[in-house]
Amino acid sequence: MSTARRAIKIAPSLLSADFADIANQIRMVESAGADELHLDSMDGVFVPNFTWGMKIVKDLRKLTHLTFDCHLMIVEPEKHVDAFRDAGADIITFHYEATPHQHRLLRHLRDIGAKAGIAINPGTPVAMLVDLVEEIDRVLVMSVNPGFGGQSFIERALAKVAEVRALLDARNPAGEIEVDGGIGLENVERAVNAGADVLVAGNSVFAADDPPEALREMRRRIDAAQRAAR
């Protein structure tokens, strides 16, 4: 799929936001042009960190109409996806590595009205998605090892994005590709050119001196990459 014909989305990651001022943080990125909000739920088992569960998602839902992109870094996600959907998750992404029944869970997510996403860790090959691709609404390519914000971008992720793009274009053209981890002004254009549709931005937005301007500059660079591809 040509990069010039895709609508690229920016999803600020609330993991990097200041939760003491979360309502204002959300309003800030929303007014600056965020397309979605990325919410990382971590259980301290699948990844070595804890974040939030359904109660926080439900409370945050009251603050914005932006799409909630809920990324579950938890074991046995099939036990919890209904509660996340009830809390307000629009897109629910689980990790391929976290359950043996990926196909069943992808179908269940669609049955409960969520978009079905599946994430792959840096060490998981794209080939693992071959038997699932028609059931996927979004593939999340991890460009860091999951569990912590502020990590350095893994360059190999760009080649994986291109591999996923080829797979989706051949068998599920409506499917989206999301890249999560280390995304910032230095690599946003390369991620778009590789085939990404959704860019998760954490510290590159919330830790910037001027977060709204950082987000707007990201959008300008995305637009420039798309113009150059025409």
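Run the paramagnetic zone check for His101: 7 angstrom along Cα to Cβ, then residues of region 43-87 with backbone nitrogen under 18 Å.
74-85
Under a point spin-label approximation (7 Å from Cα along Cα-to-Cβ), what is the Arg110-Asp18 distance to one decimal in nm?
With each label placed 7 Å out from Cα toward Cβ, I get 4.3 nm.
Starting from the Cα of Asp223, step 7 Å along the direction of its Cβ; do the same at Glu186; then give the gap between the two resulting points in nm.
About 2.6 nm, to one decimal.
Over region 132-205, what portion of Cα pair distances is larger than 20 Å, expressed as a whole percent?
26
For the chain, what number of Lys pairs, 8 or more residues apart or on separate chains, have alpha-carbon atoms under 21 Å from each other?
The result is 8.
What's the exposure ranking of Ile222, Ile118, Ile92, going from fewest to most Cβ atoms within 10 Å? Could you put the intermediate results ahead of the total?
On the way: Ile222 21, Ile118 26, Ile92 29.
The fewest-first ordering by Cβ neighbours comes to Ile222, Ile118, Ile92.
I'd like the projected area of region 1-119, averaged over all directions, using the convex hull of its alpha carbons. Report it in nm² with one decimal.
Its Cα hull, projected and averaged over all orientations, spans 8.3 nm².
Taking 0.36 nm per residue of sequence separation and subtracting the Cα-Cα distance, how much length would be gained by fully extending the chain between Arg27 and Asp169, in nm to one decimal?
47.6 nm
Can you compute the charge dipole magnitude of the chain about its Cα centre, using +1 on each Lys and Arg Cβ and -1 on each Asp and Glu Cβ, nothing else charged? Give it in debye, rounded to the nearest 20.
Charge dipole of the chain: 520 debye, to the nearest 20.
Looking at region 73-193 from every direction and averaging, what is the projected area of its Cα convex hull in nm²?
Details: hull surface 29.5 nm².
Across all orientations, region 73-193 yields a mean hull projection of 7.4 nm².
Using the Kirkwood formula on the Cα atoms of the chain, what hydrodynamic radius do you get, in angstrom to one decimal?
This gives a value of 17.4 Å.
Under a Cβ-Cβ cut-off of 12 Å, what is the net charge of the residues other than Leu106 that fall near it, where Lys and Arg count +1 and Asp and Glu count -1?
Every neighbour counted, the sum reads -1.
Here, each number is a calculation from the coordinates, and none is a lab measurement. Since this is a predicted model, take the numbers as computed values, not measurements. Heads up, the Cβs are rebuilt from the backbone with ideal geometry, glycines too, and the neighbour counts pull from every protein chain shown.
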